[in-house]
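These notes concern the structure reproduced below.
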Amino acid sequence: MRIAVIQASSQAKKNNLLYNATKKYVLESETVNFGCTEAETERYSYVEISVLIGLLLGSEAVDFVVTGCSSGQGMMLACNSMPNVLCGYAPTAKDAYLFAQINNGNAISLPLGEDYTWAGADNLEQTIQALFSEPFGQGYPKSEADRKRRDMALLKEIRRRSQVETIALLDSLDAKFVQKILTKRDVIDDILKNGKNDLPGKLRERYAEAGQQTARGAALNGRG
């Protein structure tokens, strides 16, 4: 399992806390920190980060994303607007556990600007611990496990059928917005290197094809 940590720039001060807590409780998985950190000069909103999360999960470069913003709600809603993303909101350890067991999603959003400001650091760690305490998707309560798993499988199928393909979504968005997304080079480079399906190739073809000297193409062609 490969897990990404990435949150909005507004909560850059919480990045190390989020990354260290995640890494502590997923010892058998690779944890990759994509920021946003205080050292980064470019700032990214929760909406922009949600698109990057969609690309990370849609390309299968990562299997799960731990994220957040000031309230956690905005990031959750934005992530759920992306194809291939099923994001939960977990202000407490109990919410995180129930999301993992019942909803079996691939991203979790935490309210990093609220209870996690000072004494809430313990709550954040407990939330991450509960999230990864057991294998995902077992169902809860155990007496209803089979029905819970069937319902979640149906929800995922409905979401899959109701959403557009990722490249079609990017094509429909403002070009300057997409250009900004592609400046997050650590994420884009990782997708191009570690993606397991055809999405990385489509990104390359769409935004870095020969003769298309746009800023978006330059962002992809410039990778080392």
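The values are calculated or read from the model by the stated rules, or taken from the named source; none is laboratory data. The structure presented is a predicted model; accordingly, all values stated were derived computationally and were not measured. Because the Cβ atoms are built from the backbone with ideal geometry, glycine has one as well, and the counts that use them run over all protein chains shown.
Could you grab me the full set of residues in segment 121-143 that are without any contact (Cβ under 8 Å) to a residue 60 or more places away in the chain and of a type outside the set (S, T, N, Q)?
Asp122, Ala130, Glu134, Pro135, Phe136, Gly137, Gly139, Tyr140, Pro141, Lys142
Can you report the number of residues in segment 28-80 which are of a type in the set (Phe, Trp, Tyr) and over 12 Å from the mean Cα position of the chain (by Cα)?
Of the residues in that region, 1 qualify.
Sort out which residues of segment 163-193 are under 20 Å from Gln7 (Cα atoms), touching a Leu at 6+ places or on another chain (Cβ under 9 Å) and either outside any helix (DSSP H, G or I) or among the polar types (S, T, N, Q) (or both), and write them in order of number.
Leu182, Lys184
So which residues in segment 74-94 are of a type outside the set (Val, Ile, Thr), part of a loop (DSSP other than H, G, I, E, B) and under 14 Å from Leu56 (Cβ atoms)?
Correct list: Met82, Pro83, Asn84, Leu86.
Has segment 138-151 got at least one residue that is closer than 14 Å to Val5 by Cβ and either among the aliphatic types (A, V, I, L, M) or part of a loop (DSSP other than H, G, I, E, B) (or both)?
The answer is no; no qualifying residue exists.
Just one of Glu60, Glu48, Glu30 is modelled with pLDDT of 95 or more and either on the phi > 0 side of the Ramachandran plot or not assigned by TED's automatic domain parsing to the domain that holds Ala96 (or both); which is it?
One residue alone meets the criteria, Glu60.
Out of curiosity, is Tyr19 surrounded by fewer than 23 Cβ atoms within 10 Å (Cβ to Cβ), within 24 Å of Lys193 (Cα to Cα) and within 16 Å of the chain's Cα centre (by Cα)?
yes
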